[in-house]
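To start, the structure itself, in structure tokens.
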Amino acid sequence: MNLTQKILDAHLLSGKLIPGEEISIRIDQTLTQDSTGTMCYLQFEAMGIGRVKTKKSVAYIDHNTLQTGFENADDHQYIQSVTKKHGIYCSKPGNGICHQVHLERFGVPGMTLLGSDSHTPTGGGIGMLAIGAGGLDVAVAMGGGAYYLTCPKVVGVRLTGALPYAVAAKDIILEVLRRLSVKGGVGKVMEYIGPGVETLTVPERATIANMGAELGATTSVFPSDAVTLAFLKAQGRENDFQPLAADPDAAYDEIIDIDLNTLEPLVAQPHMPDNVVSVRELGPIHVDQVFIGSCTNSSYQDMMRVARILKGRSVHPDVSLVIGPGSKQVLTTLARNGALADMIAAGARILESACGPCIGMGQSPKTNAVSVRTNNRNFYARSGTASAGIYLTSCETAAITALRGVLTDPRELDLDLTVDMPDHFEVNDNLIISPAGEAEAAEVEVVRGPNIKPFPLGHDLEDSVTGSVLLKMEDNITTDHIMPSNAKLLPFRSNIPHLSHFCLTPVDETFPARAEAAGGGILVAGANYGQGSSREHAALVPLYLGIRAVAAKSFARIHQANLINNGILPLTFENAADYDRIDQGDTMELPGVRAEIAAGKEKLILRNVTKSENYTVLLPLTERQRGMILSGGLINFIRSAQ
């Protein structure tokens, strides 16, 4: 067996490990972050379960940390109180980015982790099977329910050789993206194997696993080996270690070979993470801003390499350099060893340990700026400045670029960039709040600010569904398009009515008003609809606006699951050319759809009433998913089963 199969098999509750079959697995740990967590805990409360049933659940506050009004602070208070009551640990603002902190303090090789953040697969860097999902799926897992997924194919990414000078782990995953595209990992787990793996530290492995989300992959996983043990020992957690690896004769559905010796520094150009070329090919373009940080590249090792490059030098006058260490532990270590002083002396602006610029939470670049960043996504307008071009690189490339003022190949450096991982990190968990004991939990009051509004629930599926095409969209529409997530909107993640005024406005500013006036309708999209974040707001807000179905060429995994969870029909064109035959404004009908779905039919007729045409659309659902769709969503389905 390969490692993915071993972990799945150890947690399998139903189904068989056959790619394409539905399986359910037991979840050991969960994580949430505050921009998805408020909704997740509202849903958990709605289920009426008193205490979480996982081995460990952790709520992180790392996204909405700009407190320009009461909204974010109120949400933080709600999360801290609701987690204390229900048996969940809470990582307070300032403690760090969820994925970095979870690696440091909670991740356990061989365990399953379900997180309401699409970059939860970062945990694969220490041998976890870590999967991103919608908040409702996470809420169900916290209540002891199984997590259902399509059994993935397993791709063996065989690494040989070792990274050359100034080439980084970020360049490995950019190379994979260049080869496979943002759709190339859908329905797959990327399992890293081969002798090159042992040359990579846990932070480097985590960087690669983190950006596997950009492939659309279910997750990515590395073995748990001597490198993993050394990392856990440094955290004082060696008792959590267990060795894990694929069997020597393990089979894979596909093999990708990467010779690390041949890689060079790479860069993803706007506006997709797979738009990858070499730094050398792109050349010395002028740069206005550099951001080093995010859950992808904010580890101790990343920061130390940056400090070494900046030491004794000065940031170019035309560049604004901002640096965000990934956790309080990393920031404290930099402060104690002098590296932080080297960064500040060079002219860097130091941010708190949080997501920050990666999600458009502060540090938006100027009009028409070029911003070089070490984060994982460069989707259109995600930075908060629609006209800016965001380029994704390694920390080494970003740091030398900040000094030169133009995109620069870090191989031009003449520095020793070797950074040894510490034998021991200073552990101070004073910003992690333990939950109340079971006896004390009843006395804990859950505090809800005025910004927290009820979330919408779907209703039983009608006999037939009719509506006009409110919007026709192209390929690769992201969750940032569907539900923008900038600094102005993030404080309203627990206020669906307010967010509804901004739904799909990056595509069409008139959409919310038209949807409201029409009382709902249908959306039509191209391929890979809903790629990007796990945010279920991209389903909840359209549900609030009355969207009953989305017809697309294909869907991103998490978003498709979120649509089903909320009772919205995700329809796939059997013939992709039918997409071209539909115009915005056409009236569409799904005649007799309730009876068809109840009978288990996977091919439905989508009738274009305006053009008197019929199209075949696919809706393959398991028995459980059929119940969810017929009931108007997962919560209704759970309630009906009680």
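Kindly indicate which of Val372, Val330 is buried (at least 24 other Cβ atoms within 10 Å of the Cβ) and assigned to a helix (DSSP H, G or I). I'd like the intermediate steps shown before the answer.
Values: Val372 fails: assigned to a helix (DSSP H, G or I).
Unique residue meeting the criteria: Val330.
Is one or more of the residues making up region 243-264 among the charged types (D, E, K, R), more than 30 Å from Asn2 (Cβ to Cβ) and out of contact with any helix residue (DSSP H, G or I) (no Cβ under 9 Å at 6 or more places or on another chain)?
Within region 243-264, not a single residue is among the charged types (D, E, K, R), more than 30 Å from Asn2 (Cβ to Cβ) and out of contact with any helix residue (DSSP H, G or I) (no Cβ under 9 Å at 6 or more places or on another chain).
Going by the conditions given, is Ile7 aliphatic (A, V, I, L, M) and more than 25 Å from Ile638 (Cα to Cα)? Walk me through how you get there before you give the answer.
On the way: aliphatic (A, V, I, L, M): yes; more than 25 Å from Ile638 (Cα to Cα): yes.
Yes, satisfied.
All but one of (1) modelled with pLDDT of 95 or more; (2) buried (at least 24 other Cβ atoms within 10 Å of the Cβ); (3) under 24 Å from Met628 (Cβ atoms); (4) not charged (D, E, K, R) hold for Tyr147, so report the exception by its number.
Tallying (1) modelled with pLDDT of 95 or more; (2) buried (at least 24 other Cβ atoms within 10 Å of the Cβ); (3) under 24 Å from Met628 (Cβ atoms); (4) not charged (D, E, K, R), Tyr147 fails exactly one: (2).
Contact list please: Cβ distance under 8 Å, first residue in region 343-369 and on the phi > 0 side of the Ramachandran plot, second residue among the charged types (D, E, K, R) and in a loop (DSSP other than H, G, I, E, B), pairs at least six apart or on different chains.
Close Cβ pairs satisfying both conditions: Gly360/Arg382.
Would you check which residues across region 7-18 are outside any loop (DSSP other than H, G, I, E, B) and surrounded by fewer than 17 Cβ atoms within 10 Å (Cβ to Cβ) and list them? Steps first, please.
Residues of region 7-18 outside any loop (DSSP other than H, G, I, E, B): 7-14.
Matches in region 7-18: Asp9, Ala10, Leu13, Ser14.
Hey, among Ala169, Ala146, Ala217, Ala209, which residue is touching an Asp or Glu at 6+ places or on another chain (Cβ under 9 Å) and of a type in the set (Gly, Ala, Ser)? If you could, list the steps in order and put the result at the bottom.
On the way: Ala146 fails: touching an Asp or Glu at 6+ places or on another chain (Cβ under 9 Å); Ala217 fails: touching an Asp or Glu at 6+ places or on another chain (Cβ under 9 Å); Ala209 fails: touching an Asp or Glu at 6+ places or on another chain (Cβ under 9 Å).
Just a single option satisfies the conditions, and that option is Ala169.
Among the residues of region 479-496, is any modelled with pLDDT of 95 or more, buried (at least 19 other Cβ atoms within 10 Å of the Cβ), closer than 24 Å to Ala561 by Cβ and not assigned by TED's automatic domain parsing to the domain that holds Gly87? Reasoning before the result, please.
Our first condition is that a residue be modelled with pLDDT of 95 or more; within region 479-496, this holds for 482.
If we keep only those that are buried (at least 19 other Cβ atoms within 10 Å of the Cβ) too, we end up with 482.
Restricting the remaining residues to those that are closer than 24 Å to Ala561 by Cβ gives 482.
Then drop every residue that is not not assigned by TED's automatic domain parsing to the domain that holds Gly87, which leaves 482.
Within region 479-496, one or more residues are modelled with pLDDT of 95 or more, buried (at least 19 other Cβ atoms within 10 Å of the Cβ), closer than 24 Å to Ala561 by Cβ and not assigned by TED's automatic domain parsing to the domain that holds Gly87.
Which of (1) over 18 Å from Leu215 (Cα atoms); (2) at pLDDT 95 or above; (3) not aliphatic (A, V, I, L, M) does Asp137 not meet, given it meets every other one?
All conditions pass for Asp137, except number (2).
Which one is surrounded by the most Cβ atoms within 10 Å (Cβ to Cβ) among residues in region 377-399 that are out of contact with any helix residue (DSSP H, G or I) (no Cβ under 9 Å at 6 or more places or on another chain) and not aliphatic (A, V, I, L, M)? Break it down stepwise before answering.
If we filter region 377-399 for residues that are out of contact with any helix residue (DSSP H, G or I) (no Cβ under 9 Å at 6 or more places or on another chain), which is where we start, we get 378, 385-390.
Add one more test, that the residue is not aliphatic (A, V, I, L, M), and what stays is 378, 385, 387, 389.
Values: Asn378: 24, Thr385: 20, Ser387: 12, Gly389: 20.
By that ranking, first place goes to Asn378.
Matching residues to (1) assigned to a loop (DSSP other than H, G, I, E, B); (2) without any contact (Cβ under 8 Å) to a residue 40 or more places away in the chain; (3) assigned by TED's automatic domain parsing to the domain that holds Ile496; (4) crowded, with 19+ Cβ neighbours inside 10 Å:
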site: Gly20; (1), (2), (3), (4): yes, no, no, no
site: Ser24; (1), (2), (3), (4): no, no, no, no
site: Ile27; (1), (2), (3), (4): yes, no, no, yes
site: Gly37; (1), (2), (3), (4): no, no, no, yes
site: Cys40; (1), (2), (3), (4): no, no, no, yes
site: Ala59; (1), (2), (3), (4): no, yes, no, yes
site: His63; (1), (2), (3), (4): yes, no, no, yes
site: Gln67; (1), (2), (3), (4): yes, yes, no, no
site: Glu71; (1), (2), (3), (4): no, no, no, yes
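Conditions first: (1) crowded, with 22+ Cβ neighbours inside 10 Å; (2) of a type in the set (Val, Ile, Thr); (3) within 25 Å of the chain's Cα centre (by Cα). Thr408 passes all but one, so which condition is the exception?
Evaluating Thr408 over (1) crowded, with 22+ Cβ neighbours inside 10 Å; (2) of a type in the set (Val, Ile, Thr); (3) within 25 Å of the chain's Cα centre (by Cα) leaves (3) as the failure.
Yes/no matrix, rows are residues, columns are (1) in the same structural domain as Tyr544 (by TED's automatic domain parsing); (2) among the acidic types (Asp, Glu); (3) within 19 Å of Ala539 (Cα to Cα):
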| position | (1), (2), (3) |
| --- | --- |
| Val593 | yes, no, no |
| Glu596 | yes, yes, no |
| Ala599 | yes, no, no |
| Glu602 | yes, yes, no |
| Leu606 | yes, no, no |
| Tyr615 | yes, no, no |
| Glu623 | yes, yes, no |
| Gly627 | yes, no, yes |
| Gly633 | yes, no, yes |
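Taking only region 42-57 into account, find how many residues are surrounded by 24 or more Cβ atoms within 10 Å (Cβ to Cβ) and among the β-branched types (Val, Ile, Thr).
Residues flagged as surrounded by 24 or more Cβ atoms within 10 Å (Cβ to Cβ) and among the β-branched types (Val, Ile, Thr) within region 42-57 amount to 0.
Select from region 414-432 the residues that are β-branched (Val, Ile, Thr), in a loop (DSSP other than H, G, I, E, B) and over 15 Å from Thr201 (Cα atoms) and list them in ascending order. Working first, answer last.
Residues of region 414-432 that are β-branched (Val, Ile, Thr), as a first pass: 418-419, 427, 432.
Next, only the ones that are in a loop (DSSP other than H, G, I, E, B) stay: 418-419, 427.
Correct list: Val427 only.
Can you pull out every residue in region 42-57 that is touching a residue at least 60 places away in the same chain (Cβ under 8 Å) and outside any loop (DSSP other than H, G, I, E, B)?
The initial filter retains those residues of region 42-57 that are touching a residue at least 60 places away in the same chain (Cβ under 8 Å), namely 42-47, 49-54, 57.
Of everything in region 42-57, those that are touching a residue at least 60 places away in the same chain (Cβ under 8 Å) and outside any loop (DSSP other than H, G, I, E, B) turn out to be Leu42, Gln43, Phe44, Glu45, Ala46, Ser57.
Which helices (runs of 4 or more DSSP H) does region 587-642 wholly contain that include 2 or more residues that are of a type outside the set (D, E, K, R) and closer than 12 Å to Val465 by Cβ?
By residue number, 593-598.
Kindly indicate which of Gln242, Gln301 is in a loop (DSSP other than H, G, I, E, B) and in contact with a Pro (Cβ under 6 Å, 6 or more places away or on another chain).
Matching residue, one of Gln242, Gln301: Gln242.
Which condition breaks for Gly458 when tested against (1) without any contact (Cβ under 8 Å) to a residue 12 or more places away in the chain; (2) under 30 Å from Thr587 (Cβ atoms)?
(1)
The values are calculated or read from the model by the stated rules, or taken from the named source; none is laboratory data. Please read these numbers as outputs of a predicted model, since none were measured by experiment. Note that we place each Cβ from the backbone using ideal geometry, even for glycine, and neighbour counts take in every protein chain shown.
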